[in-house]
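Nothing in this text is a laboratory measurement; each read-out follows from the coordinates by a stated rule. Not measured: the values here are computed from a predicted model. Don't worry about glycine lacking a Cβ; one is built from the backbone with ideal geometry, like all the others, and counts go over all protein chains shown.
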Amino acid sequence: MSLLLPYAFARPFLFGLDPEQAHELTIAGLERTQNTPLACVYGGSRVEDPVTLAGLRFPNKVGLAAGLDKNARCIDGFAAMGFGFVEVGTVTPKAQPGNPKPRMFRLPQRDALINRLGFNNDGLDAFIANVQRARFRKSTGSKPPMLLGLNIGKNAATPIERATDDYVQCLEGVYPHADYVTINISSPNTANLRTLQSDEALDALLGTLAERRKSLAAQQGRQVPLFVKIAPDLDESQVAVIATTLKRHGMDGVIATNTTLSREAVAGLPHANEAGGLSGAPVREASNRVIAQLRAALGKAFPIIGVGGVMSAADARAKLAAGADVVQIYTGLIYRGPGIVREAASALKRG
């Protein structure tokens, strides 16, 4: 109950604030209290349920999705919650403010959020410095440390035809510090970014990154897995093309999915027509559909991380039933608090 009671008290206060203000307050609090005795307020023992994917040993099947900790400030705080893996970012080469505020909106009637943050972050150098400060790899005693994914993107000011330059720069910067790297081509909040999911653009981007990884692996003596994060707003033929392209360029896994542009599930609600990506419960079915299509196209062995609408243990199980190997949580953590991590990990361990 130590995980659940404090959040039950904190949530009404946080939900009384502007969503982005609540987010910043939470991140600042985690940053100040991680690696201190106060971490017991949100900390909990990790469920041990290891699974090996892309040559990596995931301590359990529940991870944190990118976007919650864009600047990698709270890696140790999230590690304390019992995640098997944590993904931070999206980071871009240069710092950028993102889109104008307000840019985050709650739709509590549907356990949902809309955000149009736009890759607001402090830039690659600050991100790497924060990753290097994290202690999670040294603080687990005899247990293997959780895994760390570093999520990379492009600056808003970079023309889409030069996007590859930004991804290469980020890959070079994060490579020595990552257990895996995620190539984010699916945020709806950077102009034209999703066009990188199309056949020729994806082929060119992944081809370049695969070649750059070869030289980085030779220099550093280890091959870091590359995952690609895709949108839920794709039809079956688009998913099939992406699956073929992932295999052609030796990608190690896929993350399905990012937020949705669809508003069908929230029509008529306050804030439903705000621009941005919709996350939480309404994206669950679209995400599961894409996961199932990917699994059919990619075969049994190709790693899939399922994300989108995991608000409960049952939702986490449904992701695996659709074809995912492990899951990630973001909006569920905001609505349910840290207790959802252990609840979902325990349920997946039981099968």
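Here the residues Leu216, Leu234, ranked from fewest to most Cβ neighbours within 10 Å of their Cβ, fall in the order Leu216, Leu234. Label sites at Lys101 and Phe9, each approximated as a point 7 angstrom past Cα along Cα to Cβ, lie 2.7 nm apart. Volume of the convex hull of segment 210-251 (Cα atoms only), normalised per residue: 63 Å³. Close amide H pairs (under 5 Å, H built 1.01 Å from N) link Val326 with Ile304, Gly306, residues at least 5 positions away or on another chain. Figure legend: label point modelled 7 angstrom from the Cα of Glu274 along Cα→Cβ; residues of segment 14-30 with amide N under 17 Å from it are 14-26.
Using R0 = 56 Å, the C-beta based FRET efficiency linking Glu48 and Glu161 works out to 0.75. With the helix formula -39500 (n - 2.57) applied to DSSP H stretches of n ≥ 4, the chain reaches a computed 222 nm mean residue ellipticity of -12000 deg cm²/dmol.
Between Cys40 and Lys300, the simple spin-label model (points 7 angstrom out along Cα→Cβ) gives 4.7 nm. Per residue, the convex hull spanned by the Cα atoms of segment 23-95 measures out at 102 cubic angstrom. Global dimensions of segment 182-242 from alpha-carbon coordinates: Rg and Dmax equal 13.2, 39 Å.
Rounded to the nearest 20, the Cβ-based charge dipole of the chain about its Cα centre (Lys and Arg +1, Asp and Glu -1) stands at 860 debye. Taking every lysine pair in the chain that is 8 or more places apart or spans two chains, those with Cα atoms closer than 15 Å amount to 10. Note that the chain carries a Kirkwood radius of 20.0 Å, evaluated over its alpha carbons pair by pair. Sorting 345-351, 59-65, 8-14 by average packing, meaning the other beta carbons within 10 Å per residue, from highest down gives 59-65, 345-351, 8-14.
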